[in-house]
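Everything below concerns the one structure shown next.
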Amino acid sequence: MSPRKLQWKKNTSAMRMLGAQLAAFRQASGYTQRALGERVIAGEETIASIEQGRRPLLPDLAETLDKLLDTKGALSVAVENMPEIDLFPLYAEQYMEHEREAIALSWYDALVVPGLLQTEAYARAVLRQRVPAYDEDEIEAKTAARIGRQEILHRKCPPTLSFVVWEPVLHVGVGGPQTRRDQLRHLRECAELPGLTLQFLPMSAPSHAGLNGPFTLLETPDHQHLAYTEGQRGSQWVSDLDEVSTLAHKYAMLRSQALTPEESKSLLDRLLGEQ
């Protein structure tokens, strides 16, 4: 077995062990997964995924759980000592670090549902389409990492979030009919989150400002404005002020060309009614 394969297995085993530890602490304190999720504003599915070793336990949530379950810091210590694994290239790691701390984020996508809004099944299905293919351990680890990033949606003080998505994304059956249905339902729920705006760019639009591909705009806590672009040959940071400004202007045009947030909710309701 290759060293990289061994590293994946070591990481997966550690996540499962930590998940079992959390489950034991939760049960000893008399909480169901749903009740605990409600107390820490994380959701039942988040707690279940962590306990099953499918999602990483992030430091902030570990600290909150330690206090609530009176575990004397055991979960935080376990998180600090998780084996390190290079899931992503450096530029992607840098992006995710900024994403975790962002006070505002604007995301345009024309190919798939934005990662922060993907269900676990949809994320796994997207990762399975990669060429050359990931092995199953890599798919599971990357899926867990992607879903773990969604913790920012439920922070006590979440960032201001805006998403513009090209409508054809909603019609592509990634993962099959059930996965698509669950993803549409999840998008409808996300559209009601405070501070989050979701808009769809309709197929009927004769042209739009996003023809050059997906991109994300970020504002850091010290009010630095950055951008991140994606393409077939990889992704890259954009920090040049002129280029970031150009992308910001494109995003403003995309929002004006897209359906309003209420019209976008109605589109989801219509698609869900057709299921």
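The values are calculated or read from the model by the stated rules, or taken from the named source; none is laboratory data. Only a predicted model underlies this, so the values are computations on that prediction, with no experimental measurement involved. With ideal geometry, Cβ positions are generated from the backbone for all residues, glycine too; neighbour counts draw on all protein chains shown.
Among the listed residues A102, A121, A141, A133, which satisfies the condition of being closer than 25 Å to N212 by Cβ and small (G, A, S)?
Step by step, each of A102, A121, A141, A133 is checked, and only A102 is closer than 25 Å to N212 by Cβ and small (G, A, S).
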Per the filter on region 264-275, residues surrounded by fewer than 15 Cβ atoms within 10 Å (Cβ to Cβ) and either assigned to a strand (DSSP E or B) or touching a residue at least 60 places away in the same chain (Cβ under 8 Å) (or both) are D269, L272, Q275
Can you tell me which of (1) surrounded by 20 or more Cβ atoms within 10 Å (Cβ to Cβ); (2) farther than 17 Å from T119 by Cα; (3) in contact (Cβ under 8 Å) with a residue 60 or more places away in the chain is the one D60 doesn't meet? (1)
Where in region 42-155 are the helices (runs of 4 or more DSSP H), entirely inside, with at least 1 residues that are of a type in the set (F, W, Y) and modelled with pLDDT of 90 or more? 120-127
Considering region 31-41 alone, what residues qualify as being more than 15 Å from G148 (Cβ to Cβ) and in a loop (DSSP other than H, G, I, E, B)? Y31, T32, I41
Region 202-234 - residue that is polar (S, T, N, Q) and under 17 Å from the mean Cα position of the chain (by Cα) and, of those, nearest to T260 (Cα to Cα): T216
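Take the residues in region 212-259 that are of a type in the set (K, R) and part of a helix (DSSP H, G or I); name whichever of them is nearest to P114 (Cα to Cα). Talk me through it step by step, then tell me what you get.
We begin by selecting, within region 212-259, every residue of a type in the set (K, R); these are 233, 250, 255.
Subset that is part of a helix (DSSP H, G or I): 250, 255.
On the way: K250: 18, R255: 16 Å.
Across region 212-259, the extreme among qualifying residues is R255.
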Among what's in region 17-41 and is surrounded by fewer than 16 Cβ atoms within 10 Å (Cβ to Cβ) and in contact with an Asp or Glu (Cβ under 9 Å, 6 or more places away or on another chain), pick the residue that is modelled with the lowest pLDDT. E38
Being under 26 Å from P56 (Cβ atoms) and of a type outside the set (K, R) narrows it down to one residue among L111, L211, L170; which is it? L111
Residue match in region 237-255 (condition: of a type outside the set (F, W, Y), within 18 Å of V172 (Cβ to Cβ) and at pLDDT 90 or above): no
Across region 224-268, what is the number of residues that are over 17 Å from V164 (Cα atoms) and not β-branched (V, I, T)? 16
Report yes if P221 is exposed (fewer than 13 other Cβ atoms within 10 Å of the Cβ) and in contact (Cβ under 8 Å) with a residue 12 or more places away in the chain, otherwise no. yes
Filtered residues of region 111-141 (kept if over 10 Å from the mean Cα position of the chain (by Cα), of a type outside the set (A, V, I, L, M) and under 18 Å from E45 (Cβ atoms)): Y122, R124, E140
